[in-house]
């Protein structure tokens with residue numbers, strides 16, 4: 001490990017309240033250190049006139065697991081796009097659905113150093129970890145799916161928080177996961193009978209529980225377990241007009257339960273844009289972002305945007321009924337997946353068109369959330385690959401920072417004028433500052449994930465650093481082109497104290513860590529023994545099929561929760 | 001100008017060289033044209049001998065064995081490529097205009113998703129002539145492919161427009177999921193017309209999908225399984 005001095009850069013670090021001060025940063029053995037403890041420099045980076053921030057964190061991107069892999073198989077036409085085909089690096093392909101190396105390289109080139117895969121069936125966790133192990137450059141973690149697991153329903157119906165705690169701890173330990181992901185709670189179970197659930201209080205077919213009970217029990221249990229990242233939810237009724245109401249009800253559930261013990265939020269609503277439509281039919285759909293943003297700002301809830309990008313992409317979620325509806329809508333090819341296990345998902349290729357009123361409203365709604373929710377509560381995401389490729393984050397950042405750029409995009413792309421009626425975007429003159437953008441891509445996701453050594457440049461933090469090739473104090477929203485160019489191609493990315501990207505090109509291939517949470521000490525495991533054995537007596541797979549051993553993971557890092 | 005290209009040696013791994021007549025415009029550009037030997041990036045002159053003839057044409061002549069060189073004429077828009085020998089996969093893929101003449105045989109994927117121009121093959125071709133690439137919903141959209149010898153399986157899958165003529169025989173699945181355009185096979189073909197939605201196939205002899213109906217004029221129409229309006233004329237009927 002080497003010692004790096006980053007001299008004279010303009011530092012922005014919201015975790016220390018630093019906004020554009022000229023400072024030196026010292027890196028040793030993969031950590032940020034004091035000048036006195038650094039020793040002799042192996043490399044000195046002259047960062048004069050450049051902006052130094054922590055490495056970016058993607059809180060929600062489907063970068064590994066059975067769905068993206070099936071998506072790749074279903075969309076070979078996406079693989080025509082070669083990102084890297086020669087040289088010492090590995091072949092990197094894919095326009096939206098990228099190969100594992102492409103995912104790692106593109107994150108690094110954008111200055112991102114951590115990414116979370118947010119939806120994996122526990123049974124397939126072993127495959128997900130193998131795929132994560134093939135993604136270079138970034139640290140990663142995986143969230144197993146709980147929202148449609150029969151045992152979840154059982155403990156929710158019984159209202160048994162202790163058993164739910166033990167179950168969460170068991171499942172996360174078995175899948176080497178990081179937290180609790182819930183997708184359309186109860187809806188995917190209903191999908192197994194060709195149906196869906198349409199409200200939080202509808203009974204889940206075959207069980208006594210309702211989606212509201214499932215969510216509340218999971219939130220309470222994860223608060224009591226003290227998980228670093230609390231419940232990560234894809235709400236019911238996603239992607240249909242009227243979904244804003246369901247989202248508001250979900251947020252109110254968390255409000256009733258309250259914040260975590262450490263004061264952080266207790267619920268993360270992911271890709272909220274897809275769940276924020278008003279109206280009754282597609283014809284009168286509108287954006288519920290204004291109301292929802294106000295609600296999010298005053299409740300213990302965080303969100304990520306789920307911003308759609310105009311163009312082709314492939315949707316994939318563990319929400320089977322929603323994907324079926326999409327397939328019917330676009331008459332496109334599709335895959336229905338994982339229904340035989342504790343989840344059930346679908347994959348459908350789609351195109352977001354600026355001229356389509358519905359897509360235009362989606363585009364505007366995502367941006368409204370990015371502009372209206374506190375920067376401490378909203379994270380930039382495209383819900384990769386559902387909204388579009390994550391390589392467009394710099395584009396989203398620029399849209400949020402410059403009203404002029406938004407107006408230009410609306411004009412040039414011919415965004416349907418229905419957004420004037422259905423959303424507040426055209427009249428919003430909010431322009432995010434660079435400081436806020438750094439929050440939304442670094443410190444806020446780190447806080448939501450409970451990763452204390454990420455998203456910060458404090459002494460002792462992981463040396464994951466991005467150096468942008470512009471002076472953030474001098475770039476005005478008028479110069480959106482400079483911004484976009486600088487954000488797209490970083491001057492340096494430093495990962496664990498090594499320079500991995502220089503001038504937008506990969507300088508070195510490195511392998512990140514996989515974080516997982518061991519919470520088995522936080523709950524009495526014995527109390528669910530009987531329930532587990534009972535379920536697996538009638539299940540098509542045995543209990544032994546669940547489980548990823550730590551030694552099977554390239555660089556595992558355990559976050560142990562004591563008590 | 002005319003550019004004559006000869007391989008310097010036999011290639012152990014495949015070369016990807018998206019050579020179009022455009023590179024014949026300037027000697028320096030042609031020398032530095034990027035090609036790939038396996039995963040190594042090379043300049044054209046490192047792998048091939050280049051010779052320029054200063055004339056008024058925009059033409060590339062490939063001399064020698066190109067059977068391990070892929071993607072020749074990819075996305076070409078005009079001019080002429082003459083191959084005096086055999087050539088590798090993906091000849092004239094996404095081609096929009098101009099003409100390619102092959103004096104020898106071709107590998108698979110001749111004219112994949114081509115939109116215009118003409119490809120003439122004096123020998124045989126492999127499979128998937130004028131087809132869609134994997135996952136795409138539309139194959140060849142225009143232009144003309146003439147094969148004087150025989151062709152392999154899957155000729156004109158998902159073809160939308162244009163013409164494919166095979167003077168010899170063709171393999172199985174001629175015109176599967178075809179939507180428009182015309183395929184002519186003068187000799188014998190295997191399974192023909194599966195899931196055909198539109199367009200015309202003329203074939204000397206073939207094993208037609210049973211889901212076709214013969215009309216009063218003796219022309220087969222189908223594929224009825226997909227409510228298709230394709231036409232198949234069997235010349236030796």
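Throughout, read-outs are computed from the coordinates displayed, never taken from laboratory work. Only a predicted model underlies this, so the values are computations on that prediction, with no experimental measurement involved. Here the Cβ positions follow ideal geometry from the backbone for every residue, glycine too, while neighbour counts run over all protein chains shown.
A few remarks follow.
- Per the Debye formula on identical point scatterers at the alpha carbon atoms of region B:1-78, with no solvent, log10 I(q)/I(0) at q = 0.19, 0.22, 0.24 Å⁻¹ is -0.74, -1.00, -1.19.
- Look at B:131, B:14 and count the other Cβ atoms within 10 Å of each Cβ; fewest to most, that gives B:14, B:131.
- Compactness of region A:2-112 was expressed as the Cα radius of gyration divided by 2.2 N^0.38 Å, which yields 1.42.
- The convex hull of the Cα atoms of region A:156-255, projected and averaged over all directions, covers 6.5 nm².
- Evaluated over region A:365-507, the Cα radius of gyration and Dmax, each in Å: 16.0, 50
- Only DSSP H runs of four or more residues enter the estimate; each adds -39500 (n - 2.57), and after division by the residues of chain A the mean residue ellipticity at 222 nm equals -9000 deg cm²/dmol.
- Proxy reagent accessibility, fewest Cβ within 10 Å first, across A:282, A:363, A:334: A:282, A:334, A:363
- Averaging the sequence gap over all C-alpha pairs within less than 8 Å and six or more residues apart, then dividing by the number of residues, gives chain A a relative contact order of 20 percent.
- Descending semi-axes in whole angstrom, ellipsoid equivalent of region B:2-168, from the Cα gyration tensor: 25, 16, 15
- Rg/Rg_globular for region B:70-178, with Rg_globular taken as 2.2 N^0.38 Å and Rg from C-alpha atoms: 0.90
- Kirkwood-based shape ratio for region A:148-193, expressed as Rg/Rh from alpha carbons: 0.99
- Scattering curve values for region A:258-299, log₁₀ I(q)/I(0), Debye with Cα scatterers, q = 0.26, 0.32 Å⁻¹: -0.94, -1.11
- Distribution of pairwise C-alpha distances over region A:295-423, 5 Å bins, in %: 2, 11, 17, 20, 19, 15, 10, 4, 1, 0
- Its residues counted as N, the protein assembly as shown yields a C-alpha radius of gyration over 2.2 N^0.38 Å of 1.05.
- Ranked by how many other Cβ atoms sit within 10 Å of their own Cβ, fewest first, the residues B:196, A:305 fall in the order A:305, B:196.
- Whole-number percent relative contact order across region A:498-563, with pairs defined as alpha carbons under 8 Å at least 6 apart: 49 percent
- Residue-averaged beta-carbon neighbours from other chains (10 angstrom radius) around B:37-49: 1
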